[in-house]
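Reviewing the structure listed below.
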Amino acid sequence: MIPPKERISRRKFFKYCFEATEALLLPDFLRSPFDGRPILQVETTKPYVAVTIDDGVFPKEVERFLSTAAEYKTKCTVFPVGGLMRKNPSLWREVASADHEIGNHSHSHLNVSESTKAAILRDFSIFETEDYPEVIGSPFPVPGLARVPYALGPINVDVQKVIASLQDLHVHWRIDSYSWKKGGQDSNENLAYVMARMAQIRQGDIIILHFNPLDITALPYILDLITAKGLENVTFSTLWHHRRQIMKKRTRP
Ligand SMILES: [Zn+2]
């Protein structure tokens with residue numbers, strides 16, 4: 001049984017549930033984009049989607065990504081872990097030089113559910129004030145995008161407050177390849193699994209991949225699928241720039 005001291009009141013419990021679900025349900029036009037709540041999809045007037053790629057454990061996969069993106073003449077938004085970026089500065093500098101957009105995925109990929117708000121703030125700040133400027137630096141300014149490690153991180157209210165205080169856009173996703181469920185291992189069967197998830201892609205979607213062998217092998221197929229659907233892959237910032245501004249449109253001239 002939970003000791004009485006640790007039990008939370010009904011009111012607190014419902015408040016927590018409300019905050020957690022509201023984060024996922026509130027339509028874009030009813031909220032401030034810089035309130036730290038996760039953005040799952042962007043309502044856009046253009047046929048755009050944004051493929052985003054996380055982490056960077058395997059430098060070889062980052063190199064394969066660079067050649068695929070160059071071949072397809074497309075730009076992606078990537079969220080490397082700051083500590084991993086420091087291990088291969090020239091590689092990540094190459095990513096920035098190729099005009100891919102680099103967002104904050106924290107310094108150490110900390111598990112936010114087990115961390116204090118101060119620790120979360122520290123880890124995300126290190127990325128923006130040390131990792132990024134020291135590895136990438138000028139002339140590529142920090143794009144002001146953040147992605148939280150682990151699937152349940154984004155609904156953590158402390159995390160949302162941290163992202164709001166950094167004035168970053170909280171880039172989540174609607175489409176996940178779930179390659180991590182297959183250990184990121186590249187095989188025909190796993191590729192078919194990933195592509196089945198990608199079949200749901202529609203206009204305005206944010207897609208999450210990781211720099212693992214499976215997702216990077218799938219990347220050209222995903223880019224072909226996006227084109228076949230009459231859509232175009234762009235960076236998150238471009239997708240965001242073309243979001244539908246419902247509030248503005250409703251104003252009479
Ligand atoms: Zn990650």
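Rule-based calculations on the coordinates, nothing more; no lab input. A quick note: this is a predicted structure, and the numbers were derived from the prediction, not measured. Here the Cβ is made from the backbone with ideal geometry for all residues, glycine too, and neighbour counts use every protein chain on show.
Over the chain, what is the relative contact order in whole percent, taking alpha-carbon pairs under 8 Å and six or more residues apart? It would help to have the intermediate numbers written out before the result.
Working: 430 pairs, mean separation 79.5, N = 253.
Computed value for the chain: 31 percent relative contact order.
Once amide H atoms are built 1.01 Å from N in the peptide plane, which residues 5 or more positions from Ile53, or in another chain, come under 5 Å H to H?
Thr77, Val78, Phe79, Leu209
For an R0 of 25 angstrom, estimate the FRET efficiency from the Cβ-Cβ distance between Glu114 and Ala151 and round to the nearest 0.05.
The value I calculate is 0.95.
Full-extension gain between Glu134 and Ala199, please, as 0.36 nm times their residue separation minus the C-alpha to C-alpha distance. Display every interim value, and only then the final one.
Numbers: separation 65, 0.36 × 65 = 23.40 nm, distance 3.90 nm.
Full extension of this stretch gives 19.5 nm more.
Quick one: give the max-minus-min coordinate of the C-alpha atoms of the chain along each principal axis, largest first, in Å.
The Cα atoms of the chain stretch 59, 51, 42 Å along the principal axes, largest first.
May I ask for the Kirkwood hydrodynamic radius of segment 178-243, worked out over all distinct Cα pairs and given in angstroms to one decimal?
Working: mean 1/r = 0.0801 Å⁻¹.
Its Kirkwood hydrodynamic radius stands at 12.5 Å.
In the neighborhood of Trp173, defined by Cβ-to-Cβ distances under 12 Å, what is the net charge if each Lys or Arg adds +1 and each Asp or Glu adds -1? Numbers along the way, then the final one.
Numbers: positive: Arg147, Arg174, Arg197; negative: Asp54, Asp176, Asp205.
So the surrounding residues net to 0.
Round to the nearest 0.05 the FRET efficiency obtained for Gln245 and Glu189 when R0 = 35 Å and r is the Cβ-Cβ distance.
Details: r = 43 Å, r/R0 = 1.24.
The computed FRET efficiency comes out at 0.20.
Is segment 151-214 rounded, prolate or oblate when judged by the Cα gyration tensor, a ≥ b ≥ c being the square roots of its eigenvalues, rounded requiring a/c under 1.5 and prolate requiring a/b larger than b/c? Don't skip to the end; give the middle numbers.
Details: a/c = 3.17, a/b = 2.01, b/c = 1.58.
Judged from the Cα gyration tensor, segment 151-214 comes out prolate (a/c at least 1.5, a/b above b/c).
Mind checking which of Val162, Val171, Val81 has the largest fluctuation in a GNM of the chain, springs on alpha carbons under 10 Å?
Val162
Using r as the Cβ-Cβ distance of Arg10 and Lys60, and R0 as 41 Å, what FRET efficiency do you calculate, to the nearest 0.05?
Given R0 = 41 Å and the Cβ-Cβ separation, E is 0.20.
Can you tell me the 0 to 90 degree angle between the C-alpha axis of helix 117-126 and the longest principal axis of the chain, rounded to 10?
30 degrees
Can you list, largest first and rounded to whole Å, the semi-axes you get for segment 56-205 by taking the square root of 5 times each eigenvalue of its Cα gyration tensor?
They are 25, 21, 15 Å, listed from largest to smallest.
For Phe211, what charge total do you get from the other residues with a beta carbon under 11 Å from its beta carbon, if Lys and Arg give +1 and Asp and Glu give -1?
Values: positive: Lys60, Arg64; negative: Asp54, Asp55, Glu61, Glu63, Asp215.
Result for the local shell: -3.
If exposed means no more than 11 neighbouring beta carbons inside 10 Å and the site is in a DSSP loop, what's the longest run of the chain without any exposed trypsin sites (Lys or Arg not before Pro)? Provide the component values of the computation, followed by the final result.
Numbers: sites that count: Arg7, Lys73.
That gives 74-253 as the longest site-free run.
By how many nm would the segment from Asp35 to Lys161 grow when fully extended, if each residue of separation counts as 0.36 nm and the alpha-carbon distance is taken off?
Numbers: separation 126, 0.36 × 126 = 45.36 nm, distance 0.74 nm.
Additional length available on full extension: 44.6 nm.
Where does the chain land at 222 nm, in deg cm²/dmol rounded to the nearest 500, when only DSSP H runs of n ≥ 4 count, each adding -39500 (n - 2.57), divided by all residues? Don't jump to the answer; show the numbers that get you there.
Numbers: 11 runs with 105 residues, N = 253.
About -12000 deg cm²/dmol.
Excluding same-chain residues fewer than 8 positions from Lys46, which aspartates and glutamates have a Cα within less than 12 Å of its Cα?
Asp205, Glu232
If a/c stays under 1.5 just call it rounded; otherwise compare a/b with b/c (prolate if a/b is bigger, oblate if not). Do that for segment 143-253, with a ≥ b ≥ c from the square roots of the Cα gyration tensor eigenvalues.
Numbers: a/c = 2.69, a/b = 1.39, b/c = 1.94.
Because a/c hits 1.5 or more and a/b fails to exceed b/c, segment 143-253 counts as oblate.
Taking the simple approach of a point 7 Å from Cα along Cα-to-Cβ for both Ser97 and Tyr178, what is their distance in nm?
That separation, rounded to one decimal, is 4.0 nm.
Name the long-range amide H neighbours of Tyr48: under 5 Å, sequence gap of 5 or more, or other chain; modelled H, no Pro or chain starts.
Residues meeting the amide H criterion: Gly204, Glu232.
Run through the DSSP bridge list for the chain and note the antiparallel percent, rounded to the nearest 5. Kindly include the intermediate steps, with their values, before the conclusion.
Numbers: 2 of 21 bridges.
Rounded to the nearest five, the antiparallel share is 10 percent.
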